[in-house]
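The values are calculated or read from the model by the stated rules, or taken from the named source; none is laboratory data. Worth saying up front: this structure is predicted, and the values here are computed from it rather than measured. Cβ atoms come from the backbone with ideal geometry, glycine included; neighbour counts cover every protein chain shown.
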Amino acid sequence: MKITILTICPELFQSFLSSHVVRRAEKMGLAEVEVRDLRTYADGSFRKVDDSPFGGGRGLVLRCTPVFRALEQIRIEDEAAGGKGRFFPESADGRKQERPGTPSGPRRVTAVLTPAGTPYRQAAAHRFARADHLVLICGHYEGIDERVLDRADEAVSIGDYVLTGGELPAMVVADSVLRLLRGTLREGSAEEESFENGLLEYPQYTQPAEEEGAKIPGILLSGNHGEIQRWRTAEALRVTLERRPDLLRDRKFTEAEWSALDAYAPKTAELLKKRTEEWKK
Ligand code: SAM
């Protein structure tokens, strides 16, 4: 896949582009990440990308013209590349060749980063990872001309807070997508992570087994992998109920989950039973 980031602050991506996840994805031929300076698409010697808002009001707004031009250029380049994305050559029978971890999907997805967007979730990361070309548009100043949002496929917010620009959100989205491409991570490590199965991840520990009186749970030293897995299931449920009960509201709990809770987190089992009764009302 290809990820293109449109921004007026390309220099902010320098360290991101040399990060492990980006370099590994590129080295393995799974993805290419490029950053385009929106000023390149602006007119005049000053390459003005902002202007004051129509109707008055504070600050400046990122103009739609450079973004429209950049999007048109991207469309032309994608078409010239065969309309299938550069990393997905057609196979002999004319169907798109599938790479492991990157099944076929919409060819190009354009998303604007904005606090007024749809909250970004792991499901969206999976959806974006299926695209051939993901275009991320970073706003700045007081925001971006709404006509850009009208032309984009999605508006994405990374959280209920306001940042200075869309650059950090774009890195968040690109990182979360890249690590889903099989091969960029250790085999299987994404599947067990928070949100993948609708739960937060169980607590993790490493050496030493005891530090300043703080001990790791004894089960982890038992060598019994079946029981460790049951403990992890119970812990994932406990942590999720404590920190993100909203994730559990519509969940159908399995026999194995109740049994793990009874064995390793009986208080959570009790609380969860009460909560599920309340949620039914
Ligand atoms: N005036 C805008 C508002 O109230 O919604 C905030 C503009 S913010 C200062 C400038 C840019 O940062 C936005 O256009 C967007 O690209 C980016 N941004 C800030 N917070 C964000 C968030 N939580 N998620 C995604 N993008 C964000």
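The residue that is modelled with the lowest pLDDT, among those in region 142-154 that are crowded, with 19+ Cβ neighbours inside 10 Å and within 6 Å of the ligand (Cβ to nearest atom), is GLY143. Tell me whether region 94-101 contains one or more residues that are in contact with a Leu (Cβ under 6 Å, 6 or more places away or on another chain) and modelled with pLDDT under 95. Within region 94-101, one or more residues are in contact with a Leu (Cβ under 6 Å, 6 or more places away or on another chain) and modelled with pLDDT under 95. Return yes or no: is ALA116 out of contact with any His (no Cβ under 6 Å at 6 or more places or on another chain) and more than 8 Å from the ligand (Cβ to nearest atom)? Taking the combined requirement at face value, the residue does not satisfy it. Tell me, yes or no, whether region 187-201 has at least one residue that is away from the ligand (no atom under 13 Å from the Cβ), of a type in the set (Ser, Thr, Tyr) and at pLDDT below 95. Within region 187-201, one or more residues are away from the ligand (no atom under 13 Å from the Cβ), of a type in the set (Ser, Thr, Tyr) and at pLDDT below 95.
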